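Each value in this text was obtained by applying a stated rule to the coordinates, not by laboratory testing. This structure is a prediction, so every number in the text was calculated from the model and none was measured. Glycine gets a Cβ as well: all are built from the backbone with ideal geometry, and neighbour counts include every protein chain shown.
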2 protein chains.
Amino acid sequence: MEIERKFLLPAPPDDLDRHPSTEIEQGYLAIHADGTEVRVRRRGGTATLTVKSGGGKVRAEEELGLSDADFERLWPLTDGRRIEKVRHVIPTDTDGVEIELDVYTGDLAGLVVAEIEFPGEAEADAFAAPEWLGREVTGDGRFKNQRLAVEGRPDEAG
Amino acid sequence: MEIERKFLLPAPPDDLDRHPSTEIEQGYLAIHADGTEVRVRRRGGTATLTVKSGGGKVRAEEELGLSDADFERLWPLTDGRRIEKVRHVIPTDTDGVEIELDVYTGDLAGLVVAEIEFPGEAEADAFAAPEWLGREVTGDGRFKNQRLAVEGRPDEAG
C-alpha cells in the first residue's frame, strides 16, 4: 500500500542539479477500465514490471524484477502508452519522506510534477508543502502517469 | 504471432480421458480498451505472465516465466477476472497441429471450447473441422477467455 500526494510545478526549481537524478522510461502494457494498470519501467539499469490495482489514494501494488532481455521484449507492446522523464530525489525535513520530482521529456516536455509517498494517512495530512511545489493535483486524474501516457499533457499544465 | 480457430462444443466428447490433460488457473491483471491483455496463468506446476496485443486473429504475444512466489503475489490482483478449466490436448491428422479442448469449471462450468493454433493462415483455412467440434466461434468475441473471465458464460452456450 502507498499514500501519495502530487503537485504540479510551474517550472523546475533552479537548484535541481544538486539532487541525484535518474532517467525513467515507463510504458503501460494495459490499463483496465477500473484503473488497474500493468506497466514496465526501466530506471537507471533496473527494469521492473508493476501492477497497481484500480484508482484512489490507497492502491494495492506488486512489483517484479525484469531482466533487460524481458524488458526489451515487452517494451514494444507499450507503443502509444509511454512516458519518459528525469526523476530528481529531494529530501524533506521529515525522516524517510522524499520528494520525487519528475521533469518530463519527449512528448510531455515542459511538464514538471512532484510526488511524495508517505508511510500513512496521518503523515500525508500533516505534510506542509513548500510554496515552490506549486499547485496540489493529488485528486486530479489527468496527472496520473497512466493518463499522461495515453492522453498527453493537460492544456493548463506547464 | 499465432493463428487460431475456435469451436463451441455442445458437450465434452466421451473419450476425453484418453488424452493428456492439465488444470489451468488463469486470471487477468488488466484488459486494455483496445483488447490488449495481461494475464497470469498456472498450468500444472508452471506459472507464466503473458501479454497479448489488441484483437483479431493475428496478435503479438510475449510470455515471461514466473516463480510460484511471484504468481501467488499477482493472483490476488486478478480478483473478479478469472477462469478455471481443464485442458485436454487431442492430436489431429496434420503434423504439429493439436486441438486444445477446454472444459471449464467453477463459475463457467458446462462450457466446452476447443482452440486450434496453426503455423499460418493457409493451414488455418485448410483445416477441415470434424463434426464433433460443434459450431465455429472464431470471430465471436464473447468466447474470448478475457471476456469469459469478466462477463461469464454466454447465454446460448452449453
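Taking the alpha-carbon centroid of each part, what is the distance from the stretch A:84-158 to the stretch A:9-40 in angstrom?
One Cα centre to the other: 9 Å.
Once you place label points 7 Å from the Cα toward the Cβ at A:ALA33 and A:ASP79, how far apart are they in nm?
About 2.6 nm, to one decimal.
Gain in length, A:GLU63 to A:GLU131, computed as 0.36 nm per residue apart minus the alpha-carbon separation, to one decimal in nm?
Stretched out fully, the A:GLU63 to A:GLU131 stretch lengthens by 21.2 nm.
Per residue of the stretch A:42-50, what does 6.51 cos²θ - 1.76 cosθ + 1.60 with θ = phi - 60° give for ³J(HN,Hα)? Whole Hz please, x for Gly and Pro, Karplus curve as stated.
Along the stretch A:42-50, the couplings run 10, 10, x, x, 10, 10, 9, 10, 10 Hz.
Treat the count of other C-beta atoms within 10 Å as a stand-in for reagent exposure and order A:ARG18, A:ARG42 from fewest to most.
Neighbour counts put them in this order, fewest first: A:ARG18, A:ARG42.
Subtracting the Cα-Cα distance from 0.36 nm times the residue separation, let me have the gained length for B:VAL150 to B:GLU72 in nm, one decimal. Mind showing how you got there, number by number?
Numbers: separation 78, 0.36 × 78 = 28.08 nm, distance 2.03 nm.
26.0 nm is the gain from fully extending B:VAL150 to B:GLU72.
Greater than 26 Å separation of Cα atoms is the criterion. Which listed pairs, A:LYS85/B:LYS144; B:LYS6/B:LYS85; A:LYS144/B:LYS85, meet it?
Values: A:LYS85/B:LYS144 37 Å; B:LYS6/B:LYS85 16 Å; A:LYS144/B:LYS85 37 Å.
Listed pairs above 26 Å: A:LYS85/B:LYS144; A:LYS144/B:LYS85.
Quick check: pseudo-label points 7 Å beyond the Cα along Cα→Cβ at A:VAL86 and A:THR48, how many nm apart are they?
2.2
Kindly identify the stretch A:1-59 as rounded, prolate or oblate by the Cα gyration tensor criterion: order the square roots of the eigenvalues as a ≥ b ≥ c, call it rounded if a/c is under 1.5, otherwise compare a/b with b/c, prolate if a/b is larger, else oblate.
Oblate shape, in that a/c is at least 1.5 and b/c is the bigger or equal ratio.
Can you give the extra length, in nm with one decimal, that the chain gains between B:ALA122 and B:THR94 once fully stretched, where that is 0.36 nm per residue apart less the Cα-Cα distance?
8.8 nm
Take B:VAL112, B:VAL103 and order them by how many other Cβ atoms sit within 10 Å, fewest up front.
Ranking B:VAL112, B:VAL103 by Cβ neighbours within 10 Å, fewest first, gives B:VAL103, B:VAL112.
Where nothing but the Cβ of Lys and Arg (+1) and of Asp and Glu (-1) is charged, how large is the charge dipole of chain A around its Cα centre, in debye to the nearest 20?
Using Cβ point charges on Lys, Arg, Asp and Glu, chain A gives about 540 debye.
To the nearest 20 debye, what is the magnitude of the charge dipole of the stretch A:1-82 about its Cα centre, counting +1 on the Cβ of each Lys and Arg and -1 on the Cβ of each Asp and Glu?
240
Under 12 Å from the Cα of A:LYS52, which aspartates and glutamates turn up, not counting those fewer than eight places away in the same chain?
Reachable aspartates and glutamates: A:GLU2, A:ASP34, A:GLU37, A:GLU61, A:GLU62, A:GLU63.
Just want the ordering: B:LYS144, A:LYS6, from fewest to most Cβ atoms lying within 10 Å of their own Cβ.
Fewest-to-most Cβ neighbours within 10 Å comes out as B:LYS144, A:LYS6.
Quick one: dipole size for the stretch B:6-54, taken about the Cα centre, charges +1 on Lys/Arg Cβ and -1 on Asp/Glu Cβ, in debye to the nearest 20.
220
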